[in-house]
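Asks: For reference, the structure I am asking about is given below.
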Amino acid sequence: MGRIFLKVACGVVACFVLLLLLVSCDNEPEQPRVQPDVIEKGDTARRTLLVYMMAENSLNNFAALDVDEILQAVPTVPRDCRLFVYVDDNKFPQLTQYYRLTNGDVGSSVCLPFDTDVCSSDTAALAVVFDCILKDYPTERLDVVMWSHGDGWLRGPLSSSSQRSIGIDNEKNSYSNTVTTTIEIEGLAALLGRLPVKVDRLMFDACFMQCVEVCYALRGVAEWIIASPAEIPGDGALYSTLVGCFFNSDGPEDIMDSYVVAYENEPTGAVLSAVHTSGMQNLVDVTYAYVIKYFNSGKKREYTDVFSYLPGGRYSGSSSYPSYYDMNAIMKKYLTADEYAHWRGALDGVVTYVASSPKWYSAICGRSIVYDDSVAGGLSLYMPQHYSRNEKFNSDFRSTEWYSAAGWQAAGW
């Protein structure tokens, strides 16, 4: 009898414990599912940043390092903004969206995978990327970083078609700089002009892109152009800090400061400027008369003592470069004091901010160049000259919009 009672008692206790466990489980909070902490597809973002990396060239290794830096910056991207990164290195390219997850980790979605190689230094490829982003991911403001080699307004090699250049894609998935196609600046302007939203800040993480010829061509399609009139270091921007500056500021200054500060303890250095394109037409109008007066083709001028971003240029080897003279230094040297004050007012309406290391390293020259802020204005230009080595440059220069708009054609060049 006692054993029967004990069994019954044990059964009651077991049921009671099981009931407690069931109640306890019911009261346990459900673990939330990890989800993207970003505005949903189809909704309009406050700001979108596209980093477009054309790395199928000698910069290949730097692309992976910069993507790692971008991943570090993802937690700084606000929930109502979007970050896209397009990478074409020695593998098939892909477009990826990066965002925070609700648990604080970094998430990503491949929006546009490619199962074959494409030439990314072609506006056709860039157009596909923009179509993918802006069709399904509308935005109030759009920022774009173009990452690669750059030559400013220059055409590609004589063996290629007439193109001015940002980007190299060797179409071999290798580390060579064999140029097949580069993005023509006028083609880039035409593409950006067709977008449903105007580019707010267009940054070139590439050499020599801050020249007046490029800025004039892009004057109607981007509010700001952030670039260097000189060479930039191979590893370019420090994206772990730069990305956050795009999303947490409205102007160009924080972006530029972030870029230059990253090199304050490095031997390479960097110089960047911000061009407000709304002032470009006034600059070209004011410049016109002075070009005809001081730089017509009947005057033979020597500019060796004028500050430039590539002193002496380079006229040998596989590539040829002009001197990339500083525009302010040229005008300050030849205009009268009153004329220069008048012209400088127009420049100040265009170049609103310059951030520079005391000096930067020029790989082409093989030495460091000191930034002379007493004459430099942060914007380069081409000066046609009567030398045989300039004939190709003079010919290419004639096909820029700046050539006719700024008076060079009227001046007989």
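Asks: Can you compute 3J(HN,Hα) from phi for each residue in the range 193-206, using the Karplus curve 6.51 cos²θ - 1.76 cosθ + 1.60 with θ = phi - 60°, rounded to whole Hz and x for Gly and Pro?
Replies: Whole-Hz 3J(HN,Hα) from phi for the range 193-206: x, 8, 5, x, 9, 6, 5, 7, 10, 9, 10, 9, 8, 7.
Asks: Residue-wise, which Karplus ³J(HN,Hα) couplings in Hz belong to the range 112-127, taking 6.51 cos²θ - 1.76 cosθ + 1.60, θ = phi - 60°, and x for glycine or proline?
Replies: 9, x, 10, 9, 8, 7, 10, 8, 6, 8, 8, 4, 5, 5, 4, 5
Asks: Give me the Kirkwood hydrodynamic radius of the chain, using the inverse of the mean 1/r over all pairs of distinct Cα atoms, in Å to one decimal.
Replies: Numbers: mean 1/r = 0.0429 Å⁻¹.
Hydrodynamic radius (Kirkwood, Cα pairs) of the chain is 23.3 Å.
Asks: Non-local amide H neighbours of Asp169 (under 5 Å, H modeled in plane, Pro and chain starts lacking H): which ones?
Replies: Ser121, Thr180, Thr181
Asks: What spacing in nm lies between the two simple spin-label points modelled at Glu264 and Glu391, each 7 Å away from Cα in the Cβ direction?
Replies: It works out to 5.0 nm between the two label points.
Asks: What range in the chain is the longest one free of GluC sites (Glu not before Pro) that are in a loop by DSSP and have at most 14 other Cβ atoms within 10 angstrom?
Replies: 141-263
Asks: If you put +1 on each Lys and Arg Cβ and -1 on each Asp and Glu Cβ, how big is the dipole of the chain around its Cα centre, in Debye rounded to 20? Numbers along the way, then the final one.
Replies: On the way: 32 positive and 50 negative charges, 91 e Å.
That gives a dipole near 440 debye.
Asks: I'd like the distance separating the alpha-carbon centroids of the range 365-413 and the range 120-152, in whole Å.
Replies: 28 Å
Asks: Take the alpha carbon gyration tensor of the range 80-132, find the square roots of its eigenvalues, order them as a ≥ b ≥ c, and report rounded if a/c is under 1.5; if not, report prolate when a/b exceeds b/c, else oblate.
Replies: Numbers: a/c = 3.09, a/b = 1.91, b/c = 1.62.
The shape class here is prolate.
Asks: Roughly how tilted is helix 337-348, in degrees to the nearest 10 and between 0 and 90, from the longest Cα axis of the chain?
Replies: 20 degrees
Asks: Rounded, prolate or oblate: pick one for the range 361-406, where a ≥ b ≥ c are the square roots of the eigenvalues of its C-alpha gyration tensor, a/c under 1.5 means rounded, and failing that, prolate if a/b is larger than b/c, else oblate. Please list the in-between numbers first.
Replies: Working: a/c = 2.69, a/b = 1.53, b/c = 1.76.
Here the range 361-406 falls in the oblate category.
Asks: While we're here: Grab the chain and count how many Lys pairs have their alpha-carbon atoms under 17 Å apart, sequence gap of 8 or more, or different chains.
Replies: Close lysine pairs found across the chain: 7.
Asks: How far apart, in nm, are two points set 7 Å out from the Cα along the Cα-to-Cβ line at Arg344 and at Asp117?
Replies: Output for this residue pair reads 5.2 nm.
Asks: Right, another one. How many percent of Cα pairs in the range 165-323 exceed 21 Å?
Replies: 58 percent
Asks: How tilted is helix 2-27 with respect to the longest principal axis of the chain? Cα atoms for both, answer in degrees (0 to 90, nearest 10).
Replies: Approximately 20 degrees, to the nearest ten.
Asks: Report, in degrees rounded to the nearest 10, the 0 to 90 angle that the Cα long axis of helix 60-73 makes with the longest principal axis of the chain.
Replies: Taking the Cα atoms of the chain, the angle to 60-73 is about 50 degrees.
Asks: Using the Cβ atoms and a cut-off under 15 Å, what net charge is assigned to the surroundings of Val370, where Lys and Arg are +1 and Asp and Glu are -1? Walk me through the intermediate numbers first.
Replies: Values: positive: Lys359, Arg367; negative: Glu231, Asp305, Asp326, Asp372, Asp373.
Surrounding charge for Val370 is -3.
Asks: Rounded to whole Hz and in sequence order, give me ³J(HN,Hα) for the range 38-43 from the Karplus expression 6.51 cos²θ - 1.76 cosθ + 1.60, θ = phi - 60°, writing x for Gly and Pro.
Replies: 8, 4, 6, 4, x, 7
Asks: Placing unit charges on C-beta atoms (Lys and Arg positive, Asp and Glu negative, everything else neutral), compute the dipole magnitude of the range 362-412 about its Cα centre in debye, rounded to 20.
Replies: 200 debye
Asks: Set the Förster radius R0 to 41 Å, insert the Cβ-Cβ distance between Asn282 and Val34 as r into 1/(1 + (r/R0)^6), and round the FRET efficiency to 0.05.
Replies: 0.20
Asks: Express in whole angstrom the spacing between the alpha-carbon centres of the range 29-79 and the range 274-300.
Replies: For the range 29-79 versus the range 274-300, the Cα centre distance is 41 Å.
Asks: Let me make sure I get this right: for the range 310-413, a, b and c are the square roots of the gyration tensor eigenvalues over alpha carbons, sorted descending. Under 1.5 in a/c it's rounded, otherwise prolate if a/b > b/c, else oblate. Which is it?
Replies: Since a/c reaches 1.5 but b/c is at least a/b, the shape of the range 310-413 is classed as oblate.
Asks: Also, I was wondering about something else. In debye, nearest 20: dipole of the range 102-142 around its Cα centre with unit charges on the Cβ of K, R (+) and D, E (-)?
Replies: That gives a dipole near 160 debye.
Asks: Sticking with this structure for a sec: What's the longest piece of the chain with no exposed trypsin sites (Lys or Arg not before Pro), counting a site as exposed if DSSP puts it in a loop and it has at most 16 other beta carbons within 10 Å?
Replies: Within the chain, the longest run free of exposed trypsin sites (Lys or Arg not before Pro) spans 199-298.
Asks: Asp136 versus Asn248, label points 7 Å from Cα toward the beta carbon: distance in nm?
Replies: So the label points at Asp136 and Asn248 sit 3.0 nm apart.
Asks: What is the set of long-range amide H partners of Ala45 at a cut-off below 5 Å, with H atoms built 1.01 Å from backbone N?
Replies: Thr139, Glu140
Computed from the coordinates by the stated procedures, all read-outs in this text should not be read as laboratory data. Because the structure is a prediction, the values reported are computed rather than measured. Neighbour counts run over all protein chains shown; Cβ positions are idealised from the backbone, glycine included.
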